[in-house]
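Asker: I have a structure here, written as structure tokens, and I will follow up with some questions on it.
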Amino acid sequence: MNSLGFVTSPEVAAALAAGKPVVALESTIISHGLPRPSNLEVAREVEAIVRAHGATPATIAILDGTVCIGLTDDQLVAIAKRDDIAKASSRDLAIIAATNKSAATTVAATAHLAALAGIHVFATGGLGGVHRGANESFDESADLTALANLDITVVCAGVKSILDVAATLERLETLAIGVVGYKTTAFPGFYLTDSGFTIEHQADSAAEIAAIIATRKALGTNAHALIVANPVAHEMNRARHDAILKSGLEGCAKNGIIGKAVTPYLLEHFHTASEGESLKVNIEIIKSNSALAADIAVAANKK
Ligand code: PSU
Ligand code: MN
């Protein structure tokens, strides 16, 4: 461990020291978002995609108390297969690390650790946001408040369609988190290409996004995150999507699923009820976002 409290893998440390492009990747997707055994395959494939696009992948997680920025293949296997991997948001990081436990990191926690390690581009599937019924449950993902205070560009397929998208967009505005659509002004809805909500800004290339990142730095607006919303090319069947979402939300209510268990429960429900269709879309989302994030990291490095 260095004086900052984390260990950087040799590959990531070398890339950072040489000023080469690095892309942060989260681990909650691996442990709690995708079923086994595809989770491990996808984790490996995503790292390979980042490398093929000219950047170094840094998958972030906590293993047996060590905060890891970049994982070896053995460590990826542990995150994918072990049954003692918690789901850590930012507030959990120090507790998990100091008590020698293990956890996958959410968008909030991964973005926090990435920025701490000097990594400013991050790929995920879909952001957390305001849950349906949040006016009563107060369930709003810590992803939003974390990103409000971090210098990081997050490539995602919008926010998960299981959320209240309108409320999430309002919160993103309040929190000064920039939102730019990649080749679109239709805000993506994770499994769906278009959530039905429009966003103001569009960028059409990684170079354009790199220019936005450089200007944000010059203007000091990089104190808050930038979201690059990248719609999935092949969306889920909409009628099927809506029916499964409805039964998933009913399942949450019936089984008393609350708090951090809600998102993994709904994703798992989707994967089972759609007989793999949502899984296929989810995997496409993560791969496509990782490729774009690597292109952005490479382009930003040239600025
Ligand atoms: N995107 C995916 N799968 C996931 C997640 C995002 O394709 O599992 C995870 C991310 O780690 C995100 C978390 O931060 O879901 C949100 O959880 P919550 O709603 O409990 O904040
Ligand atoms: Mn929540």
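Asker: The conditions are (1) away from ligand 2 (no atom under 16 Å from the Cβ); (2) part of a helix (DSSP H, G or I), and Ala108 fails exactly one of them. Which is it?
Answerer: (1)
Asker: Do the conditions hold for Asn135, that is, is it surrounded by fewer than 24 Cβ atoms within 10 Å (Cβ to Cβ) and either free of Cβ contacts under 8 Å to residues at least 24 places away in the same chain or part of a strand (DSSP E or B) (or both)? Show your work before the answer.
Answerer: Values: surrounded by fewer than 24 Cβ atoms within 10 Å (Cβ to Cβ): yes; either free of Cβ contacts under 8 Å to residues at least 24 places away in the same chain or part of a strand (DSSP E or B) (or both): yes.
Answer is yes for this residue.
Asker: Quick check on the range 138-161: of everything there that is over 15 Å from the mean Cα position of the chain (by Cα) and within 11 Å of ligand 1 (Cβ to nearest atom), which residue is surrounded by the most Cβ atoms within 10 Å (Cβ to Cβ)?
Answerer: By that ranking, first place goes to Asp139.
Asker: Anything in the range 41-55 that is surrounded by fewer than 18 Cβ atoms within 10 Å (Cβ to Cβ) and either in contact with a Leu (Cβ under 7 Å, 6 or more places away or on another chain) or at pLDDT below 95 (or both)? List them, or say none.
Answerer: Restricting attention to the range 41-55, the residues satisfying the condition of being surrounded by fewer than 18 Cβ atoms within 10 Å (Cβ to Cβ) are 41, 44-45, 48, 51-52, 54.
Residue satisfying the conditions is Arg44 alone.
Asker: Can you find a residue in the range 248-268 that is in contact with an Asp or Glu (Cβ under 8 Å, 6 or more places away or on another chain) and more than 24 Å from Leu147 (Cα to Cα)?
Answerer: Kept after step one, since they are in contact with an Asp or Glu (Cβ under 8 Å, 6 or more places away or on another chain), are these residues of the range 248-268: 258-259, 262.
Still in the list and also more than 24 Å from Leu147 (Cα to Cα): none.
Within the range 248-268, not a single residue is in contact with an Asp or Glu (Cβ under 8 Å, 6 or more places away or on another chain) and more than 24 Å from Leu147 (Cα to Cα).
Asker: Among the helices (runs of 4 or more DSSP H) contained in the range 192-283, which hold 2 or more residues that are touching a residue at least 60 places away in the same chain (Cβ under 8 Å) and away from ligand 1 (no atom under 16 Å from the Cβ)? Please lay out each step first, then the result.
Answerer: Values: elements: 206-219, 238-255, 262-273.
It comes to 206-219.
Asker: Is it fair to say His241 is in contact with a Phe, Trp or Tyr (Cβ under 9 Å, 6 or more places away or on another chain) and buried (at least 20 other Cβ atoms within 10 Å of the Cβ)?
Answerer: Yes: the conditions hold for His241.
Asker: Quick check: is even one residue across the range 24-33 outside any helix (DSSP H, G or I) and over 19 Å from the mean Cα position of the chain (by Cα)? Don't jump to the end; show me each part of the working.
Answerer: Step one: filter the range 24-33 for residues outside any helix (DSSP H, G or I), giving 24-27.
Filter again for over 19 Å from the mean Cα position of the chain (by Cα), leaving none.
Within the range 24-33, not a single residue is outside any helix (DSSP H, G or I) and over 19 Å from the mean Cα position of the chain (by Cα).
Asker: Specify which of the listed residues (Ala97, Ala58, Ala80) is hydrophobic (A, V, I, L, M, F, W, C), crowded, with 18+ Cβ neighbours inside 10 Å, in contact with a Gly (Cβ under 8 Å, 6 or more places away or on another chain) and part of a helix (DSSP H, G or I).
Answerer: On the way: Ala58 fails: part of a helix (DSSP H, G or I); Ala80 fails: in contact with a Gly (Cβ under 8 Å, 6 or more places away or on another chain).
Ala97 is the lone residue from the list that is hydrophobic (A, V, I, L, M, F, W, C), crowded, with 18+ Cβ neighbours inside 10 Å, in contact with a Gly (Cβ under 8 Å, 6 or more places away or on another chain) and part of a helix (DSSP H, G or I).
Asker: While we're on this one: So, in the range 84-93, exactly how many residues are surrounded by 13 or more Cβ atoms within 10 Å (Cβ to Cβ) and either of a type in the set (Gly, Ala, Ser) or away from ligand 1 (no atom under 16 Å from the Cβ) (or both)? Outline the logic, then answer.
Answerer: Start the filter on the range 84-93 by keeping residues that are surrounded by 13 or more Cβ atoms within 10 Å (Cβ to Cβ), which leaves 85-90, 92-93.
Next, only the ones that are either of a type in the set (Gly, Ala, Ser) or away from ligand 1 (no atom under 16 Å from the Cβ) (or both) stay: 86, 88-90.
Total meeting the criteria: 4.
The values are calculated or read from the model by the stated rules, or taken from the named source; none is laboratory data. Only a predicted model underlies this, so the values are computations on that prediction, with no experimental measurement involved. All Cβ positions, glycine included, derive from the backbone under ideal geometry; neighbour counts span all protein chains shown.
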